[in-house]
Amino acid sequence: MKIYNTLSRKKEEFVPMEPGKAKIYACGPTVYNYIHIGNARPICVFDVLRRYMEYLGYQVTYVQNFTDVDDKIIHKANEEGSDYLTVSRRYIEEYKIDAAGLNVRPATIHPKATENIDEMQSIISTLIEKGYAYPTENGDVYFRTLKDREYGKLSHQPLEDLQAGARIATGEIKKDAMDFALWKGAKPGEPYWESPWGHGRPGWHIECSAMVRRYLGKTIDIHCGGQDLIFPHHENEIAQSECCNGAPFAHYWVHNGYINVDNKKMSKSLHNFFTVRDVAKECGYEPIRYLMISAHYRMPINYSVEMMGQCKSALDRLYHCRDNLLFVMKNAPAGTKSNDAAVREKLDGSRTAFENAMNDDLNTANALSALFEMAKTINTELSADKQPDKELCEYAYDLFTKLADVLGLLYSRPVPGTDAGGDETTEIDGLIAKRAQARKDKNWAEADRIRDELKARGIVLEDTPQGVKWHKE
């Protein structure tokens, strides 16, 4: 598997530190509001990265943090007249609802920044001892950026350019405009922790360095995040971690591209800012997930009402394939072996194309194309009128659903005729059985009444030689 490494600016073969295992850290949300569709992209993309690595057989330790103390959280708490803990806890729970709706697997560990203050202070103390950081008279502690000769290696910006754009904000007491805060002295009304430098709270960048080191170690395989985090967040993470630990921080840096809305950058000022929750109310969660993986993760992606409609239509095609195949499989004869080898070869060819795409820097767009090619084979070669062999149908079904699951798709609609369908599926199957009996009894009026009742509920019936199959409009 090859991954584009932001650090080297090229695709590299993934070689784990420990064979068969992968340590991944993904920057999580700052929990002061509902996540927006821009947040949804890294959440879904890196969930696919994890799923695919597990598909390849890796034992993945996946850590995604919650930033639960921050200027934005404190501001939100002040607006509400509450406190930072109330705000952060509420939006962590809201995040979990949206993440589950997007079919994102829970992280192996979901640490909170406030649970790791001691680790942060330990790193800061070491940086001060090594001369890479210094405290100020107001309780702040800053990283001495110019002392790190490799600073800027992730963003690939010359130090002179970075210096030219650096500024000292009002109230900051630091030796160079490039220096960044590791610890912030407490201001009136703000939450604080005791420290060797006085009451204060951590800077944003130190939080991730501390959680990486505590839960994954000094060096990890992959660090993930949005493109907007390359500088300064990830650049600063590298600087403070490597200067403290004396070891490489991450071997691979993976960053996703931006999301535009109607071909414009998403921003509150343009009134084109949408939360996942609001979009899901209109379209459902799964079309959002589909959109996030429909293009290569490093490319920009465009959100629009029309695009969401296309995503829903694409999902309908995949569900139609799954449900038709399930129906055919349920009624297929065993042991015919008709056209078995040729169909298997086509199915295996689609699987190979899928894996080749995913191995080429997680190209989910091409992987989706391979999945639709497999669906085409299933629809044409395993249709009810061809009466395919049951074992072949089972092979196709297992392969199709397994690859869909790697992408995190086909999860929001119940599988017809199974317990996953719940009470509604049981009821619909019962009505279909009553209709079949009515037809057997030549009670055409009752049979038509049941069909019309189901049609009014959006249930379409299709009579086939193997029996009745149904789907929702």
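The values are calculated or read from the model by the stated rules, or taken from the named source; none is laboratory data. If you're wondering where the values come from, they're calculated on a predicted model, not measured in any experiment. Note that we place each Cβ from the backbone using ideal geometry, even for glycine, and neighbour counts take in every protein chain shown.
Only one residue in Ile35, Ile128, Ile73 is β-branched (Val, Ile, Thr), under 22 Å from Gly217 (Cα atoms) and either crowded, with 20+ Cβ neighbours inside 10 Å or assigned by TED's automatic domain parsing to the domain that holds Asn245 (or both). Which one? Walk me through it before giving the result.
Numbers: Ile35 fails: under 22 Å from Gly217 (Cα atoms); Ile73 fails: under 22 Å from Gly217 (Cα atoms).
When all the criteria are applied, what remains is Ile128.
Which of the residues spanning segment 381-409 are within 14 Å of Leu318 (Cα to Cα) and polar (S, T, N, Q)?
Correct list: Thr401 only.
Considering every residue within segment 45-54, establish whether at least one is in contact with a Lys or Arg (Cβ under 8 Å, 6 or more places away or on another chain), β-branched (Val, Ile, Thr) and in the same structural domain as Glu93 (by TED's automatic domain parsing). Spell out the reasoning first.
Taking segment 45-54 as the starting set, the residues that turn out to be in contact with a Lys or Arg (Cβ under 8 Å, 6 or more places away or on another chain) are 47, 50-51.
Pick out the ones that are also β-branched (Val, Ile, Thr) and you get none.
Within segment 45-54, not a single residue is in contact with a Lys or Arg (Cβ under 8 Å, 6 or more places away or on another chain), β-branched (Val, Ile, Thr) and in the same structural domain as Glu93 (by TED's automatic domain parsing).
How about segment 144-166: which of its residues are at pLDDT 85 or above and surrounded by 14 or more Cβ atoms within 10 Å (Cβ to Cβ)?
Of everything in segment 144-166, those that are at pLDDT 85 or above and surrounded by 14 or more Cβ atoms within 10 Å (Cβ to Cβ) turn out to be Arg144, Thr145, Lys147, Asp148, Tyr151, Gly152, Lys153, Leu154, Ser155, Gln157.
Of everything in segment 442-461, what is exposed (fewer than 12 other Cβ atoms within 10 Å of the Cβ) and not in a helix (DSSP H, G or I)? Give them in sequence order. Walk me through it before giving the result.
Restricting attention to segment 442-461, the residues satisfying the condition of being exposed (fewer than 12 other Cβ atoms within 10 Å of the Cβ) are 442, 444-445, 452, 456, 458.
Listed by number, the residues that qualify are Lys442, Gly458.
Among the strands (runs of 3 or more DSSP E) confined wholly to segment 161-226, which include 1 or more residues that are among the polar types (S, T, N, Q)? Before you say what the answer is, go through the steps one by one.
On the way: elements: 180-185, 200-202, 220-226.
Answer list for segment 161-226: none.
Against the definition (surrounded by 15 or more Cβ atoms within 10 Å (Cβ to Cβ), without any contact (Cβ under 8 Å) to a residue 12 or more places away in the chain, more than 13 Å from Leu326 (Cα to Cα) and not assigned by TED's automatic domain parsing to the domain that holds Gly57), how does Arg439 come out, yes or no?
Working: surrounded by 15 or more Cβ atoms within 10 Å (Cβ to Cβ): yes; without any contact (Cβ under 8 Å) to a residue 12 or more places away in the chain: yes; more than 13 Å from Leu326 (Cα to Cα): yes; not assigned by TED's automatic domain parsing to the domain that holds Gly57: yes.
It is true that Arg439 is surrounded by 15 or more Cβ atoms within 10 Å (Cβ to Cβ), without any contact (Cβ under 8 Å) to a residue 12 or more places away in the chain, more than 13 Å from Leu326 (Cα to Cα) and not assigned by TED's automatic domain parsing to the domain that holds Gly57.
So in segment 114-168, with the set limited to residues that are among the small types (Gly, Ala, Ser) and over 36 Å from the mean Cα position of the chain (by Cα), which one is farthest from His199 (Cα to Cα)?
Taking segment 114-168 as the starting set, the residues that turn out to be among the small types (Gly, Ala, Ser) are 122, 125, 131, 133, 139, 152, 155, 164-166.
Subsequent filtering for residues that are over 36 Å from the mean Cα position of the chain (by Cα) retains 131, 139.
On the way: Gly131: 22, Gly139: 7 Å.
Only one residue fits best here, namely Gly131.
Which of the residues belonging to segment 179-199 are more than 33 Å from the chain's Cα centre (by Cα) and either closer than 30 Å to Pro248 by Cβ or without any contact (Cβ under 8 Å) to a residue 60 or more places away in the chain (or both)? Step through it out loud before you land on a result.
If we filter segment 179-199 for residues that are more than 33 Å from the chain's Cα centre (by Cα), which is where we start, we get 185-189, 194-199.
Once the filter is applied, which keeps residues that are more than 33 Å from the chain's Cα centre (by Cα) and either closer than 30 Å to Pro248 by Cβ or without any contact (Cβ under 8 Å) to a residue 60 or more places away in the chain (or both), segment 179-199 yields Gly185, Ala186, Lys187, Pro188, Glu194, Ser195, Pro196, Trp197, Gly198.
Give the residue that is farthest from the chain's Cα centre (by Cα), with candidates limited to residues of segment 200-229 that are under 30 Å from Ala186 (Cβ atoms) and β-branched (Val, Ile, Thr).
Out of the qualifying residues, it is Ile206.
Going by what's in this entry, would Gly203 be described as on the phi > 0 side of the Ramachandran plot and either of a type in the set (Gly, Ala, Ser) or touching a residue at least 60 places away in the same chain (Cβ under 8 Å) (or both)? Outline the logic, then answer.
Working: on the phi > 0 side of the Ramachandran plot: no; either of a type in the set (Gly, Ala, Ser) or touching a residue at least 60 places away in the same chain (Cβ under 8 Å) (or both): yes.
Judged against the criteria, Gly203 is not a match.
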